[in-house]
Amino acid sequence: MIYWILFGAISLISYIVQRNLTKKFDRYSNVPLAANLRGCDIAARMLQQNGIQATIRPVDGTLTDFFNPADMSVNLSTPVFASSSIAAAAVAAHECGHAIQHKTRYSMLVLRTSLVPAVSFASKWVPWVLLAGILLVEAMPQLLLLGIGLFAITTLFSLVTLPVEIDASRRAIAWIEHSGIAQGGTLECAKDALRAAAYTYVVAALASLATLIYYILVYTRRN
Ligand SMILES: [Zn+2]
C-alpha cells in the first residue's frame, strides 16, 4: 500500500515539475533579448567562441532540443531556433554547453556516454525480465535479481545525467552573463528557466531510484 502512495506522489510531482517547466518556458519566451539574437545566432556565437565546429539545425517539437556528438550537431526546436527571447537563448546556450563538455571530455559526460550501449540493452529487456521475475519470484528468484541488475543500470544512467545537465546549464549561464547578451532581471529569467529544466532530471532520477528500491524490497521480502 505504502508503495502505491509513494508512486502516486512521484507521478504527481513529475507532472507538476513538467508543467512548471512548460509554463516558465512559455513565460520567458515572451521576454525579448535586447541584442535581438535568435537561438541559432546564440548557438553560432557560443560555438565559435569556444572553437567548436558543429551544425546548428532546427528540429520539430517543443523542448526537443539536443546536442548530437555523433554528427556534431546542435539541434534546436523550432521556437528556440527562430525566436529571440531569453528562453531561446538559455536553451540554445545549454545545448552548446553539452558541445563544450564533449570537446573538453568532461568526465561525467564521458561516463554517461560509456553507459549508453548497456542502457540501450537494459531498457529493451528490463520490463519483460522484471515482469517475469515478479510472477516467478517464488520458483525462480534469480530472474528478479537479473531484472534488478538491469534496472540498476538505467538508474545509474539517470543519476549520472544529473551532473551533466546541471553543468551544461552552469556553462550556459556563465556564457550568457559573460557575453553581455542578458543582465539583471533578464539573466535571472534564464537562470530560472534552466533551474526548472534541471528539476525534471532530479525528479526522474529520484523516481528511478525509488522504483529500484521497490524491486529490491520485493526481492528481499519474498518468502
Ligand atoms: Zn541538456
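Please identify the DSSP H helices in the chain that span no less than 20 Å along the helix axis (Cα) and have a mean Kyte-Doolittle hydropathy of 0.0 or more. TM-like helix candidates: 2-28, 86-103, 107-135, 141-179, 184-220.
In summary, the range 66-116 shows an alpha-carbon radius of gyration equal to 1.24 times the 2.2 N^0.38 Å reference for compact globular proteins. The convex hull around the C-alpha trace of the range 1-69, projected and averaged over every direction, spans 7.3 square nanometres. Relative contact order of the chain, taken over Cα pairs closer than 8 Å and 6 or more residues apart, is 24 percent. Summing charges over all other residues whose Cβ lies under 11 Å from the Cβ of residue 85, with Lys and Arg as +1 and Asp and Glu as -1, gives +1. Excluding residues on the same chain fewer than 8 positions from residue 24, give the lysines whose Cα lies under 19 Å from its Cα. Within the straight-line limit of under 19 Å, residue 24 reaches these lysines: 191. Equivalent ellipsoid of the chain: semi-axes from √(5λ) of the C-alpha gyration tensor, largest first, are 39, 20, 13 Å. Neighbours of residue 33 by Cβ distance under 13 Å: Lys/Arg scored +1, Asp/Glu scored -1, total +1. Put simply, the Cα atoms of the range 160-223 extend 63, 18, 9 Å along their principal axes, the longest span coming first.
For the range 91-118 and the range 1-50, what is the centre-to-centre distance using only Cα atoms, to the nearest Å? Comparing the Cα centres of the range 91-118 and the range 1-50, I get a distance of 19 Å. For the pair the range 131-159 and the range 183-223, the centres of their Cα atoms are 21 angstrom apart. Please check: in the Gaussian network model of the chain (C-alpha springs, under 10 Å), which one of 114, 83, 158 has the largest mean-square fluctuation. So, out of 114, 83, 158, the one fluctuating most is 114.
Do any trypsin sites (Lys or Arg not before Pro) in the range 100-132 lie in a loop, going by DSSP, with at most 14 other beta-carbon atoms within 10 Å of their beta carbon, and if so which? Those that pass, being in a loop and sparsely packed, are 105. Here is how the number arises for the chain: DSSP H runs of 4 or more residues each give -39500 (n - 2.57), the sum is divided by the residue count, and the result at 222 nm is -26000 deg cm²/dmol. Summing +1 for each Lys or Arg and -1 for each Asp or Glu, what net charge is found among the other residues whose Cβ lies under 9 Å from the Cβ of residue 24? After counting each charged neighbour, the total is +1.
No lab work stands behind these numbers, since they all come straight from the coordinates. All figures in this text were calculated on a predicted structure; none of them were measured in a lab. So basically every Cβ, Gly included, is an ideal-geometry build from the backbone, and we count neighbours across all protein chains shown.
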